[in-house]
Amino acid sequence: MRSPRMQNNQMTFRRKWRPGEVSSLNQNNEAKNRMICRVFQTARRHMSVLATRLVYSEFGEPAEVVKKVEEKLESPQANEVTVKILAAPINPADINTIQGKYPVKPPLPAIGGNECLAEVTELGANVRNLAVGDRVIPSKTGIGTWCSHANYPCNALFRVPKSLGAVEASTLTVNPTTAYRMLKDFADLKPGDTVLQNGANSAVGQAVFQLCRKWGLKSVGIVRNRPEIDDLRAFLRDLGADWVLTEEEVRTTDLFKSGQVKKPKLALNCVGGKSALEMLRHVADGGVVVTYGGMSREPVTVPTGHLIFKDISFRGFWMTRWTRDNQETPEREKMFRDLVEFIEEGSFRGPRAEIVPVQNYRDALANAMAFQGFIGQKFILDFTQL
């Protein structure tokens, strides 16, 4: 029942509220206010987000064609998330892509990079698999990661624990996965079997040593000689290498003939040329040689006798193809689960790396291109200090 009241010469009615209605009304108003606040906060965020990107508009030498630009970031689409990039590595494949020498050529202009560690800052309307504050890494290639902020499809990202370090998380999807798949997919390896690899101080080589130790495999690495060879041997042995030989030593070693270690059932080649040829002499009959790189830019030459009398198999591996063909497979899920578990338990660590402020990206690109087997470290762009 309403009672009339005169106000400004007009008849008004004062409602008698039922018990509970006032608190319910207050709660609804609070919910509306929170929603309005979120809308305005989102608007303010986007008004202030100016994404720094490393972009190339033509193929060529990275230090010459990659430019730093700033562009306003739009709101994420319904199935996208906005992320803040924390760290983004420079990989040899990134360099080759910019040079136009990689099998995959993106439409230009393009943002460089395929790996990163990022933090989710905003969700599109339909996103349910991620939350603001999640740490994520790319689960697909070619999305462009050399930038401070970006909008990515939510199905192109993989959530990782916040306990992972920036180096381990940002480099997880290329080198450790390459090592993991080559050790799993080409030979029936059992504890005590031997794996031989050249380019052993590369990021993949470092991952191979750690996984061999984890799975009880013997590992022998080949590296180029250098003044600091003893320091390098100590570093690789600390990762899990059982033996580290120079390219000169591998030509004369009796490590395998003497029976000190089994002949390798699996050999991993990222160099090619003479280095690959010297490895072949030590591979067991029926063994497998997997080529996943060609740093020497020299072809892999196979003596006829190795094919006929030793029945050695020669295979190639490209992580990009494997990822494309196994996007939703249980094997891929298990691989990432294993690698994250190994990192968290302390049995696997990221590669030797140097964190470079993005302002110094040209120096980082030049140093990454200078890698000829002597540096043994990865350059990671830091986008947090703009």
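The values are calculated or read from the model by the stated rules, or taken from the named source; none is laboratory data. As the structure is a prediction and not an experimental result, all values here were calculated from the model. Counting neighbours? That spans all protein chains shown, and the Cβs are built from the backbone with ideal geometry, glycine included. Heavy atoms of the whole protein, side chains included, go into the accessibility calculation; ligands, DNA and RNA do not. Shrake-Rupley method; radii C 1.70, N 1.55, O 1.52, S 1.80 Å.
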Item checked: Lys, Arg +1 and Asp, Glu -1 on Cβ, resulting dipole of region 126-191 about Cα centre, debye, nearest 20 -> 140
Next item on the list: Report the full-extension gain for the segment ASN126 to ASP338: residue separation times 0.36 nm, less the Cα-Cα distance, to one decimal in nm.
Entry: 73.3 nm
Next item on the list: Quote the charge dipole size of the chain about the Cα centre in Debye, to the nearest 20; the model charges only the Cβ of Lys and Arg (+1) and of Asp and Glu (-1).
Entry: 1840
Check: Residue-wise, which Karplus ³J(HN,Hα) couplings in Hz belong to region 257-267, taking 6.51 cos²θ - 1.76 cosθ + 1.60, θ = phi - 60°, and x for glycine or proline?
Finding: 5, 6, x, 4, 8, 4, 5, x, 7, 9, 10
Note to self: If you take volume of the Cα convex hull per residue in Å³ from the coordinates, which of [x] 167; [y] 185; [z] 212 do you get?
What the structure shows: [y]
Next item on the list: Go through 248-257, 151-160 and give me the packing order, highest mean Cβ count within 10 Å leading.
Entry: 151-160, 248-257
Next item on the list: Only Lys, Arg, Asp and Glu count, each charged at its Cβ (+1, +1, -1, -1), so figure out the dipole size of region 269-325 about its Cα centre, rounded to 20 debye.
Entry: 160
Notebook entry, point to check: Taking only Cα atoms, what is the 0 to 90° angle, nearest 10, from helix 229-239's long axis to the longest principal axis of the chain?
Noted result: 60
Notebook entry, point to check: With point charges of +1 on the Cβ of Lys and Arg and -1 on the Cβ of Asp and Glu, referenced to the Cα centre of the chain, which listed residue (CYS154, THR301, SER170) lies farthest in the positive direction of the dipole?
Noted result: CYS154
Checklist line | Protection proxy ranking of 173-183, 226-236 - average other beta-carbon atoms within 10 Å, highest first | finding: 173-183, 226-236
Checklist line | Solvent exposure of region 142-257 as accessible area per residue, Å², 1.4 Å probe | finding: 36
Next item on the list: Could you work out how far the C-alpha centroid of region 313-343 sits from that of region 89-139, in angstrom?
Entry: 18
Check: For GLU298, which sequence-distant residues (separation of 5 or more, or a different chain) have an amide H within less than 5 Å of its own amide H, given hydrogens modelled in the peptide plane?
Finding: GLY273
Item checked: Ellipticity estimate at 222 nm from DSSP helix runs (n ≥ 4, -39,500 (n - 2.57)) divided over the chain, nearest 500 -> -9500 deg cm²/dmol
Note to self: For the ranges 90-101, 306-317, what's the packing order if you count other beta-carbon atoms within 10 Å of each residue, average per peptide, and put the highest first?
What the structure shows: 90-101, 306-317
Checklist line | FRET efficiency estimate (nearest 0.05) - Cβ-Cβ, PHE317 to ARG349, R0 25 angstrom | finding: 0.60
Check: In the chain, carbon and sulfur make up what percent of the accessible area (probe 1.4 Å)?
Finding: 51
Margin query: Through the Karplus equation 6.51 cos²θ - 1.76 cosθ + 1.60, θ set to phi - 60°, convert the phi angles of region 102-108 into ³J(HN,Hα) values in whole Hz; use x for Gly and Pro.
Written below: 8, x, 9, 10, x, x, 9
Checklist line | Highest-MSF residue in the chain out of ASN269, ASN326, ASN367 [GNM, Cα springs under 10 Å] | finding: ASN326
Check: For the chain, modelled as a Gaussian network with Cα springs under 10 Å, which listed residue fluctuates most, THR291, THR329, THR246?
Finding: THR329
